[in-house]
Amino acid sequence: MDPLHEIGASRGAWTIGNTAEALPGVCTALSWTFFGPACETGMRLGFRRLGALRGQELPIPADVDERFSAVALGRFAANIDLMARMGERLPGTQPEKIETQLFGEVRDVERHPTRARYPVVAARLPVELATSLHRLRAVRAETGAWWSRVVPAMSGPERIDADEARAVLREAADRFARIMALHTIVTMVGSGVFEQLEALTAAAGAEHTAPQLVTGSGDTEETRIAKDLWAVSRDQLTLDAFLGRHGWQGADAGQLHQRVWREASAPVQRLIETYAGMAEDGSPSALARRQEERREQAQAALLTALPRGQRLRARALLALAGRWVAHREVGKAGYLLAVDGARAAARALARRMAADGVLADPDDVVHLTLDELLAPWPADARRLVAERHARREELVALELPDAWIGNPAPVVRAPEPEPEADADADADADADAEVTFAGVGVNPGVVEGRACVVLDPFDADLEAGEILVCRTSDPSWVSLFLPAAGVVIDIGGHMSHGAIVAREMGIPCVINTREGSRRIRSGDLVRMDGTTGEVAVLERAPAGAA
């Protein structure tokens, strides 16, 4: 069985669009077999608590088309059909809106709305509204304390007891599933609230937009990271203290084979240097204050524009939005803490396996599955590692469409173009200067600036005032948002991580461009409109300048 491809017999619609925020790139066997089942278990439990799933639908089904997620040629894929079905079962939302918010676009397909689950949802939703956010914050805090205990214990030079490390792996998977259940509830409630705000602002007039109303909470996971990093840049906090709080973050932190900040702090040190050169009015605290003022002004303007009879409902929606929309990121932080606990335990086992001759190199552990680590180690571990390493290399060379039906049709990834260095290349760049395209505007503002295209935040060299252009973003990218004048992202929607962080930091943001990171070059002069979603390349950078 191939641990990196599950949907060969699928008949349904799938996407790797929004999922890249959680688990970017091509998985290893260990990454997927840890992440996938725990994610699926948690999502099913969350939808069950909301009343959208029946009791018999709670276990993970054998039919991949009935699962919320699967691995497709190494990529984390989401089941568009099943997510849309949840939108049909939940009152207050629509499948089209769920697709737009979570995946950035909507399909032209036949819908089957039903109200059969509405009575169950109506009975359960008040309880979840009253308790889920509190429970999520509590589990996140508890998991943070757990992480602070287990990671040092698993990371020391001494020989770790294998059973102890296996126990940490099991607990990490259990914590991941528990957090994902609450994260699912918060995501769906937040999406529903945002959808209702969109309808309300549309009725109030074109000058009112929902993104303006859900910003400036000032105390999200991401803003806390940025504030602490700012404090390090001002010698108000040590780097060790910062890593003790946020060391579980890093580029592609959902992948167990990646190195996070506690293991490789060079990206953090570069950001400290960037932050140190920024003026105080660009601090996270200053940005938070400005965003809070903008939100209050936008809310006051909306209430004034609405008829008196609609203002009570509007105030209730705004109160819900303040609690639910930005806090979607609490769950993501919680499950990434669980992932890092698993990472530390897996590496502790890997050191033992290498010392015992089971593995040639401790890094090879990522090509074994979770079950293989939890059971007596396979006698043919080295053969399995070699086969799966080769298989993953094949998958890395492929590109998948953003969405498809059935089995995806990959294409071989085109090689990165060589920098142009001659006059003809310069002429081609000038001829291609007026490039325009559009995405979804998720935080208003029009800015012009030089672009910095970042494909790997580990190697980012973003200067203050540049426009950050990227394929997707995960929590580790937040530190790059602060110095940026604006953000252009290939993948996502209003409720994506990048959109939420941009709103909290008051940065104009265009998301779901699909091809911005390919059509823009570092050094290009770019204008972006965070309201309309329009992006234009005004002037090409000289060939080879990037």
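The values are calculated or read from the model by the stated rules, or taken from the named source; none is laboratory data. Quantities reported herein were computed from a predicted structural model and do not represent experimental measurements. Positions of Cβ are generated from backbone atoms using ideal geometry, with glycine treated the same way; all protein chains shown enter the neighbour counts. The accessibility values were calculated without ligands, DNA or RNA, using every heavy atom of the protein model including side chains. Shrake-Rupley method; radii C 1.70, N 1.55, O 1.52, S 1.80 Å.
Things to note:
- FRET efficiency for GLU293 and ASP363, using Cβ-Cβ distance with R0 set to 51 Å, rounded to 0.05: 0.55
- Long-range HN-HN contacts of VAL446 with modeled amide H, under 5 Å: GLY530
- Prolate/oblate/rounded label for the range 7-46 (Cα gyration tensor, a/c 1.5): rounded
- Inter-label distance for ASP161 and ARG313, nm, one decimal - labels placed 7 Å from Cα along Cα-to-Cβ: 6.0 nm
- Contour minus Cα-Cα distance for ARG518 and LEU398 (0.36 nm per residue): 41.5 nm
- Ligands, DNA and RNA are left out, and with a 1.4 angstrom probe the accessible area of the range 298-378 is 36 Å² per residue.
- Shape category assigned to the range 1-148 from the gyration tensor of Cα positions, a/c cut at 1.5: oblate
- Summed side-chain charge close to SER496 - residues other than SER496 whose Cβ falls under 10 Å, Lys, Arg +1, Asp, Glu -1: 0
- Backbone phi angles across the range 52-69, fed through the Karplus curve with coefficients 6.51, -1.76 and 1.60 (θ = phi - 60°), yield HN-Hα couplings of 6, 9, 7, x, 6, 8, 5, x, 5, x, 6, 6, 4, 5, 9, 9, 6, 8 Hz in residue order; Gly and Pro are listed as x.
- Residues whose amide H falls under 5 Å from that of THR472, counting only those 5 or more places apart or on a different chain, are ASP490, with hydrogens built in the peptide plane.
- Share of carbon and sulfur in the accessible heavy-atom surface of the chain [1.4 Å probe, %]: 52 percent
- For the range 221-227, the Karplus equation 6.51 cos²θ - 1.76 cosθ + 1.60, evaluated at θ = phi - 60°, returns couplings of 4, 5, 5, 5, 4, 5, 5 Hz by residue, with Gly and Pro reported as x.
- Global geometry of the range 222-270, whether rounded, prolate or oblate, following the gyration tensor of its Cα atoms and the 1.5 cut on a/c: prolate
- C-alpha center-to-center spacing [the range 339-383, the range 156-174] in angstrom: 11 Å
- Annotation: amide H of SER522 within the under-5 Å range of VAL453, sequence separation 5 or more or interchain, hydrogens built in the peptide plane.
- Listed peptides 384-396, 154-166, 521-533 appear in the order 521-533, 384-396, 154-166 once ranked by packing, highest mean of other Cβ atoms within 10 Å at the front.
- Between the range 451-468 and the range 218-276, the alpha-carbon center distance in angstrom: 16 Å
- Spin-label pair HIS112-ASP281: with each label point 7 Å from Cα along the Cα-Cβ axis, the two points sit 5.8 nm from one another.
- Taking the helices alone, the chain has a mean residue ellipticity at 222 nm of -16000 deg cm²/dmol, built from -39,500 (n - 2.57) per DSSP H run of at least 4 residues and averaged over all its residues.
- 3J(HN,Hα) from dihedral phi, the range 38-47, Karplus parametrisation 6.51/-1.76/1.60, rounded to Hz, x for glycine, proline: 5, 5, 5, 4, x, 4, 5, 5, x, 5
- Listed candidates (i) 23.2, 75; (ii) 24.2, 77; (iii) 29.4, 93 - label of the one calculated as Rg and Dmax of the Cα atoms in Å: (i)
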